[in-house]
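Below is one structure; the comments refer to it alone.
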Amino acid sequence: MFDIVNFLKNLLYNMLAIFSFSRKKLSNKLSIYVKSNTGSTLSVDLEPHMDIKDVKEIVAPQLGLAPDELKIIFAGKELSDTITISECDLGQQSIIHAVKARSAIPSSPSKNFQANGKRRLNSIISEESPEEPEPPAERRKANVFVYCSQCEKVCTGKLRVRCGICRSGAFTVHRDPESWDDVLKKKRITGHCENYEVPCVENEAGDPPFTEFYFKCAEHSSGGETDFAAPLNLIKTNHKDIPCIACTDTR
């Protein structure tokens, strides 16, 4: 009798657990960190459909500022209010920067990014050269590849930028990289550092600091701004579906 009662109790418990699980909605929230140039770091959960204006409204009260006083910076770009989280190439535990907007900033933002807020740095350096045939209308996502020591394999990567002097990610580039040389060689592109009230300068003449590019693995959660993966610039996506001569695979 005792065993039957226990069996019925366990059966009822399992049925309730299954019913409860079926009612739960799977969430695709991103848990990210927001760093300010005052030294504060906030942890926020964001939905993909939210836009940057929503982020400012969440973050600003915690920093003692109004939403319109903030600039959100990620991957060398100031993000406009209308860009959604799903368009920003963010991963779990990514870091974005929230800085107080100054009235006059000596910067010259990338024309490419202003024309198309969805354009990512990865695509800029991994697109086909102009000499190659036009790609199909619905071209697959352009990728760069890295060797990740944490995953211990070749992975897709993300291109990130920081100030070449203080190494802060609160940094906007004056122009997009146009080639691998722009990314791999030093002192090719200048930018504007937002990390301090007095911006970083390159020398006594007050020249802007140079951009430092680096890569992160896109296949695991971010390890912060010190996370690094080695770029493999000779490996490219097979957009033309040319089969491998050894295995005939087109991946």
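The values are calculated or read from the model by the stated rules, or taken from the named source; none is laboratory data. Worth saying up front: this structure is predicted, and the values here are computed from it rather than measured. Quick reminder, even Gly has a Cβ in these numbers, built from the backbone with ideal geometry, and neighbours come from all protein chains shown. Side chains are part of the model used for accessible areas, which takes the heavy atoms of the whole protein and leaves out ligands, DNA and RNA. Shrake-Rupley method; radii C 1.70, N 1.55, O 1.52, S 1.80 Å.
Of note:
- Check on C244, in contact with a Ser or Thr (Cβ under 9 Å, 6 or more places away or on another chain), closer than 23 Å to V146 by Cβ and not in a strand (DSSP E or B): yes
- Residue match in the range 184-194 (condition: at pLDDT below 90, surrounded by 22 or more Cβ atoms within 10 Å (Cβ to Cβ) and closer than 24 Å to V34 by Cβ): yes
- Top-ranked residue in the range 137-151 [being assigned to a loop (DSSP other than H, G, I, E, B) and within 18 Å of the chain's Cα centre (by Cα); ranked as modelled with the highest pLDDT]: N143
- Scan of the range 32-74 for residues that are touching a residue at least 24 places away in the same chain (Cβ under 8 Å), within 19 Å of the chain's Cα centre (by Cα) and open to solvent by 30 Å² or more (accessible area, probe 1.4 Å), ordered by number: Y33, K35, N37, E47, P48, H49, D51, K53
- Test: residue in the range 116-126 that is at pLDDT 85 or above and open to solvent by less than 50 Å² (accessible area, probe 1.4 Å): no
- Residues satisfying the stated conditions in the range 76-105, i.e. of a type outside the set (A, V, I, L, M, F, W, C), open to solvent by 20 Å² or more (accessible area, probe 1.4 Å) and in contact (Cβ under 8 Å) with a residue 40 or more places away in the chain: E78, D89, Q92, Q93, K100
- The set of residues in the range 144-163 being open to solvent by less than 40 Å² (accessible area, probe 1.4 Å) and not hydrophobic (A, V, I, L, M, F, W, C) consists of T156, G157, K158, R160, R162.
- Among (1) open to solvent by less than 60 Å² (accessible area, probe 1.4 Å); (2) within 30 Å of L30 (Cβ to Cβ); (3) modelled with pLDDT of 85 or more, the one test that E219 misses: (1)
- Pair list, Cβ under 7 Å, 6 or more apart: the range 230-243 residue closer than 20 Å to L159 by Cα and charged (D, E, K, R), other residue assigned to a loop (DSSP other than H, G, I, E, B) and open to solvent by less than 50 Å² (accessible area, probe 1.4 Å): none
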